[in-house]
Each structure stands twice: as structure tokens, then as C-alpha cells.
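Presented below is the structure to which this report refers.
The values are calculated or read from the model by the stated rules, or taken from the named source; none is laboratory data. The shown structure was predicted, so the numbers you read here are calculated from the model rather than taken from an experiment. Methodologically, a virtual Cβ is constructed for each residue, glycine included, from the backbone with ideal geometry; neighbour enumeration extends over all protein chains shown. With ligands, DNA and RNA removed, areas are computed over all heavy atoms of the protein, side chains included. Shrake-Rupley method; radii C 1.70, N 1.55, O 1.52, S 1.80 Å.
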Amino acid sequence: MFRTMCVTMALGAGLGCMAHANAEGMNGVPPARQALVQRVLDKMGLESVGLQMLQTPVADMLRQSRVVVQSRVPADKQEATMKDITAEATKFVEQEAPALRTSTHAIVQSSVAPLLAQKFSEDELKQLAGILESPVLAKFETIVPEMKRAVGESVAREQGAQIQPKMTVLQNRVGLKLRAAVGQ
């Protein structure tokens, strides 16, 4: 997991260097078109990609730590141990987030912005910005979780009785393999 974070951060640093090289990509683009590109970028949420790349492995590490703590740490020390681990992880993310935000912003501005300016006409950028800024799209996006939840609940109702016994068998087989691997 640490290796994955290092590779991810090295990739980000490499992209940061490439971003500087691509910065000239917006030279010669009329200010009106640049403004449209920025409107599109503002709605895309690309600025959070770097932070998400950091948070994902940290969240995975916390989940894995919780499993280890629950199975290997004495009950009276579990809460304090997880609190300490969570504090370390939070501190790490807080320390690394500003640099990631800055790097991500620079990459978006130097790589994605010129790409949008190059691939879309001014009229297409206006349409795209209009779509992304649409109140209808915003309203639609607010109900997406509700729609997913409704589908998930329906699938669970229709398929749960068939899948749950099989899931229990799988869990038992995995548990046996884990116990055998640990030597119990």
C-alpha cells in the first residue's frame, strides 16, 4: 500500500513537470474561450482528483488496520489504538493535501485546459458549460444516490435470498483458509 502511494505521488510529480511543459498550450487562445474553458473546468471537479488519490489508500489502510486491531489487539486497547492510528492518518492527509491541491490545480490548468480549448469550438464550450451549469443537471445529480439506493434495495430484495446462503458459504471457506494460514 505504501508503495502504491509512493508510485501515485511520483506519478503526480511527473505530471507536474509535464504540466509546466504544456503550460504554453493556452497561449494564443482568446480570453473568451479561456473563460469558457474555466467555466467547464470549474464544474468538472478535477481539482479533487489528487486528494482522492491520497485519501483512497489511506482509507484502505484504516480499514485494514481496523480488521487487525479487532482481531489481534486486546479489547481494552482497541479503541485507543484505532483512535491513535486514525489521528496519524488524518495528520498525514492534512499535511499532504495542500501540495496535492496545488499540484492538481497546476496540472488541470496546464494539461486539461489546453486540451479542452483545442478539442472544442467556442460554441461547443458554451454548450458544454451550459449543460454542466444547468439546474436540471444539478437536480438530477442530487437524486442519483437515491436512484442507486432504490436499485440496490430492489436487487437485494429480489436476489438476497439466493445470494445470502452462498455468501455465508464463501465467508466460511475464506475463514477456514485464514485460520489455516494463521495456524489455528
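Of note:
- Calculated log₁₀ intensity ratio I(q)/I(0) where the Debye formula runs over C-alpha points of the chain, q = 0.15 Å⁻¹: -1.08
- For the stretch 130-147, the Karplus equation 6.51 cos²θ - 1.76 cosθ + 1.60, evaluated at θ = phi - 60°, returns couplings of x, 5, 5, 8, 4, x, 5, 5, 4, 5, 4, 4, 6, 9, 4, x, 5, 5 Hz by residue, with Gly and Pro reported as x.
- Accessible area (Å², per residue) of the chain, counting only protein heavy atoms and a probe of 1.4 Å: 72
- Peptides 127-139, 27-39, 46-58 ordered by average Cβ neighbours within 10 Å, highest first: 46-58, 27-39, 127-139
- Taking packing as the residue-averaged number of other Cβ atoms within 10 angstrom, the listed peptides 76-86, 143-153 run from highest to lowest as 76-86, 143-153.
- The sum of -39500 (n - 2.57) across all DSSP H runs of n ≥ 4, divided by the residue count of the chain, sets its helix-only mean residue ellipticity at 222 nm to -30500 deg cm²/dmol.
- With respect to the chain, whose longest principal axis is taken over its alpha-carbon atoms, helix 31-44 is tilted by about 10°.
- Only lysine pairs 8 or more places apart, or on different chains, with alpha-carbon atoms under 30 angstrom apart are counted in the stretch 37-137, and they number 5.
- Shape of the stretch 103-184, Cα gyration tensor, a/c cut at 1.5: oblate
- Cβ crowding within 10 Å averaged over residues, with 177-183, 67-73, 96-102 ranked highest first: 96-102, 67-73, 177-183
- Dipole magnitude for the stretch 85-184: about 740 debye, using +1 per Lys or Arg Cβ and -1 per Asp or Glu Cβ, origin at the Cα centre.
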